[in-house]
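Before any comments, here is the structure.
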Amino acid sequence: MRSIQDIVCVVLGLACAAGAGTHAKLAPVKFTDVKIEDTFWAPKLEVNRTKSIPHVLEQCEKTGRINNFAFIAKETTEPFRGHIFHDSDVVKVMEGMAYSLATHPDKELEARLEQIIRWMAKGQLPDGYLNTYFIATDIKKRWTGMQHAHELYCAGHLFEAAVAHYEATGRKTFLDVARKYANHIDSVFGPGKRHEIDGHPESELALIKLWRATGEDRYLKLAQFIVEEHGQAKTHKLCGTYCQDHKPILEQDEAVGHCVRAMYFYSGVTDLAMITGDQGYVAALEKLWQDVVNRKMYITGSIGVQHHGEGFAKPYFLPNYDAYCETCAAIGMVFWNHRMMLLRGEGRFADIVERNLYNGVLSAVSLDGTKCFYVNPLASRGNQHRSPWHGCSCCPTNMVRFLPALGQYIYAASAAGDAVYVAQYVAGSGTVALREGKVKLTQKTRYPWDGGVQIAVEPEGHWEFTVALRIPGWCRGAGLKLNGKAYRDPLVTKGFATLTRKWQKGDVIELDLPMPVEQVACDPNVEENRGRLAIQRGPVVYCLEGCDHAAPVSQIAIPKGAKLEAKFEPDLLGGVVVIKGQGQRHGFELKDDGSIAQSSGPIDIMAIPYFAWDNREPGEMVVWVPTDPPAAAKPENVSIAYFAKTAASHQWRADHIRALNDAILPKSSGDLSIPRFTWWDHKGTTEWVAYEFDKAIPLSKAEVYWFDDTGRGGCRVPKSWRLLWRDGNQWKPVEAAGAYGVEKDKFNAVAFKPVATKAVRLEAELQSGFSGGILEWRVAR
């Protein structure tokens, strides 16, 4: 570990520069200096302001998260409720509220924000400590469980919210609370004090934000101390890869452990690299970036495979159905890559920001703004859906703070103050401060649906500077015009086309970024995607969704080189460009003699943007589509039931009746990885499901695989069941040759006297106090 004296000397020498950092190539532009006025992002920001923030705020109130602050302020007698990390949800919402108020004043929202701040100030202990869990339960246990207690994590989010409030309102009430708490933390941790880290990085980047807002050097020194303390086995018991505490940062060359924790940690390290110029940091960050982007990132920009540990897996292991891709990790990728762009001045980092903005991040929230994905798979059998809330609700609270500050990712200035950078293409305007004065840029574009971008340049005066325009990595053959004339052979440096001249008001740049529909191949090292292609147009990744197709999308192939056309559909999913063409279906057919054969043929396909899936009726979804006709189900798994129409007495809204006969077999009765049918939330009742065929079918056997989520939910195998067949208009019990089984983790088969019928019904008597469900129900001749 480097001596803390060396670190302090570096920090003290640079503490006067409270900007991006004296060693950064670019300086950030605050979101308050940017106006977003397009037809893509502006409506989404309005939904976030009017729907998402109120919804998440209401959930925080219902679950006691906000009341906990009133409790420690002695403003209520309702006791503490919730988990040890719930303070972080509240302050993230507060950060989003502050960002929203900065651009859209709202007296009611502001009053609610100020009330929480008053409770915080009143409940804060005299020594500055502020955490509702430990103040409300047992203050003697504070700082005793650093690996899992999330105290510095919650504090870090509080610091970020306080800085946002200060920048939005100019008031220091919340900032004073944050400073008092940070001073307390600084009295506990640091050289000559405690050498420990929090199990969840966040305080590192947050302390630097607080330093930038206050100029208080102690916060910067503490941030670097914490960064340097990671992986130091001589000073504290290591928490391992999960907590980014396995190696010192300078020794790291592979991304491991919990993805969100990694992103927050890397972001803090990147901040320090900008401030200190430490080339050890820069080298380590580059190695980590190469590992993440080239070996562990999905096409959507998302990261994370392992559901247990929410972390990275081995290189190139990127399953689609089992992808984790936590929303917070995608947001973290934006945080980190934006900082890397500022540090290095390279467009490749802004490319990753863009890939996440339009795919990995945006897919998280429903179009109405009231539901959110925690996990974002790249293929679904129809059993994943956004939820209005989560027990661990880091993702929805992260989304509501992320979106209102979107403007900060669009522009940047060179550290020398002689160039303005356009990193993202969003209609609206931004004002960038350069050395000689301010420059206003106004974009007109229909991005991401159209690659044409018009940029009006309006400097305060008339002087020479550079305008740098990012040429996305996906783009080939960009065109450029200046004041209506072709600008040939612009200098392209590190992903940016640069135009240097004496600019004046009235100058207009026209950038053309061609957006053909492309079938994108995956790295051949990713075994699961061999023989598959994904559809991408511009920055947008597409998927096939079940409700748009006449066959299960898992049975559809799109040949390589297929003719695919883009079309804007203004009335679909809020207005999106879809991709249409023809694919090949590979499925099964029922012969006249009752035998089952494989079948194939052409099928019309329509791909929608991945970010918009699961906003209509539930169904399958795939991103990576085979180029040769696939078989979704194995022939031996297909029974006559596969061809039946289905009906039920009741179906839970998040379940799928097609799960009854989709020929996807479970691993156990508690298998949550495949579609399921349940009668939830009916309990202790008699319920039914039925099959109906186009013509009378001879049947003599049935078998059912029950759903039972003991230990996780309220579904159990039924108390009893029976089978009926339809004779004309009358339902009659079959003459069963044996008992009706209700065992878990197996097919429960029953043979019966043969019948010829167009319909069969399964009736189940549910256990008292419980519901029930079915994973697969097969019938046979």
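The values are calculated or read from the model by the stated rules, or taken from the named source; none is laboratory data. What you see is a predicted model; the values in this text were computed from it and never measured. Note that we place each Cβ from the backbone using ideal geometry, even for glycine, and neighbour counts take in every protein chain shown.
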Looking at segment 673-688, is at least one residue modelled with pLDDT under 95, under 18 Å from Asp655 (Cβ atoms), of a type in the set (A, V, I, L, M) and surrounded by 15 or more Cβ atoms within 10 Å (Cβ to Cβ)? yes
Can you tell me which residues in segment 268-283 are touching a His at 6+ places or on another chain (Cβ under 8 Å) and within 24 Å of Tyr153 (Cα to Cα)? Ala273, Met274, Ile275, Thr276
Mind checking which residues of segment 492-531 are surrounded by fewer than 18 Cβ atoms within 10 Å (Cβ to Cβ) and among the β-branched types (Val, Ile, Thr)? Val492, Thr493, Thr498, Thr500, Val508, Val520
Please go through segment 52-71 and give me each residue that is out of contact with any Asp or Glu (no Cβ under 6 Å at 6 or more places or on another chain) and not in a helix (DSSP H, G or I), ordered by number. Thr63, Gly64, Ile66
Condition broken by Gly711, with the remaining ones in (1) within 30 Å of the chain's Cα centre (by Cα); (2) surrounded by 16 or more Cβ atoms within 10 Å (Cβ to Cβ); (3) of a type outside the set (Ser, Thr, Tyr); (4) at positive phi satisfied: (2)
Which residue is farthest from Thr493 (Cα to Cα), if the candidates are limited to segment 323-342 and must be of a type in the set (A, V, I, L, M, F, W, C) and in contact with a strand residue (DSSP E or B) (Cβ under 8 Å, 6 or more places away or on another chain)? Ala323
Can you find, within segment 674-695, the residue that is nearest to the chain's Cα centre (by Cα) among those that are within 21 Å of Ile664 (Cα to Cα) and of a type in the set (Ser, Thr, Tyr)? Thr678
Can you tell me which residues in segment 348-365 are under 9 Å from the mean Cα position of the chain (by Cα) and hydrophobic (A, V, I, L, M, F, W, C)? Val361, Leu362, Ala364, Val365
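Quick check: anything in segment 178-185 touching a strand residue (DSSP E or B) at 6+ places or on another chain (Cβ under 7 Å) and in the same structural domain as Val91 (by TED's automatic domain parsing)?
no
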Residues in segment 472-491 that are surrounded by 14 or more Cβ atoms within 10 Å (Cβ to Cβ) and assigned to a loop (DSSP other than H, G, I, E, B) total 7
Does Glu95 count as assigned by TED's automatic domain parsing to the domain that holds Lys371 and in a helix (DSSP H, G or I)? yes
Among the numbered criteria (1) over 21 Å from Phe159 (Cβ atoms); (2) in contact (Cβ under 8 Å) with a residue 24 or more places away in the chain; (3) surrounded by 17 or more Cβ atoms within 10 Å (Cβ to Cβ), which single criterion is violated by Thr235? (3)
The lone condition Glu326 fails out of (1) closer than 19 Å to Ala364 by Cβ; (2) surrounded by fewer than 22 Cβ atoms within 10 Å (Cβ to Cβ); (3) charged (D, E, K, R) is (2)
Being at pLDDT below 95, more than 22 Å from Ala659 (Cα to Cα) and either surrounded by fewer than 19 Cβ atoms within 10 Å (Cβ to Cβ) or not assigned by TED's automatic domain parsing to the domain that holds Ser673 (or both) narrows it down to one residue among Pro754, Pro698; which is it? Pro698
Are any residues in segment 531-570 without any contact (Cβ under 8 Å) to a residue 60 or more places away in the chain and more than 30 Å from Thr39 (Cβ to Cβ), and if so, which ones? Ala550, Ala551, Gly561
Checking Trp289 against (1) at pLDDT 95 or above; (2) of a type outside the set (Ser, Thr, Tyr); (3) in contact with an Asp or Glu (Cβ under 8 Å, 6 or more places away or on another chain), which test does it fail? (3)
Looking at segment 532-568, which of its residues are among the small types (Gly, Ala, Ser) and either in contact with a strand residue (DSSP E or B) (Cβ under 6 Å, 6 or more places away or on another chain) or closer than 18 Å to Gly587 by Cβ (or both)? Ala534, Gly546, Ala550, Ala551, Ser554, Ala557, Ala562, Ala566
Answer yes if at least one residue in segment 72-80 is assigned to a helix (DSSP H, G or I) and modelled with pLDDT of 95 or more, and no otherwise. yes
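Quickly run through segment 714-740 and pick out the residues that are among the hydrophobic types (A, V, I, L, M, F, W, C) and surrounded by fewer than 14 Cβ atoms within 10 Å (Cβ to Cβ).
Ala737, Ala739, listed by residue number.
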Residue selected from segment 154-200 under the condition within 24 Å of the chain's Cα centre (by Cα) and farther than 17 Å from Met120 by Cβ, by the criterion surrounded by the fewest Cβ atoms within 10 Å (Cβ to Cβ): Gly199
Consider segment 299-344. How many of its residues are of a type in the set (A, V, I, L, M), closer than 23 Å to Val540 by Cα and either free of Cβ contacts under 8 Å to residues at least 40 places away in the same chain or assigned to a helix (DSSP H, G or I) (or both)? 8
Filtered residues of segment 20-49 (kept if in contact (Cβ under 8 Å) with a residue 12 or more places away in the chain and in a helix (DSSP H, G or I)): Phe31, Thr32, Asp33, Trp41, Ala42, Pro43, Lys44, Leu45, Val47, Asn48, Arg49
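Could you check how many residues of segment 265-282 are surrounded by fewer than 18 Cβ atoms within 10 Å (Cβ to Cβ) and in contact (Cβ under 8 Å) with a residue 24 or more places away in the chain?
2
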Could we say that Glu254 is out of contact with any Cys (no Cβ under 6 Å at 6 or more places or on another chain), assigned to a loop (DSSP other than H, G, I, E, B), closer than 25 Å to Arg344 by Cα and of a type outside the set (S, T, N, Q) here? yes
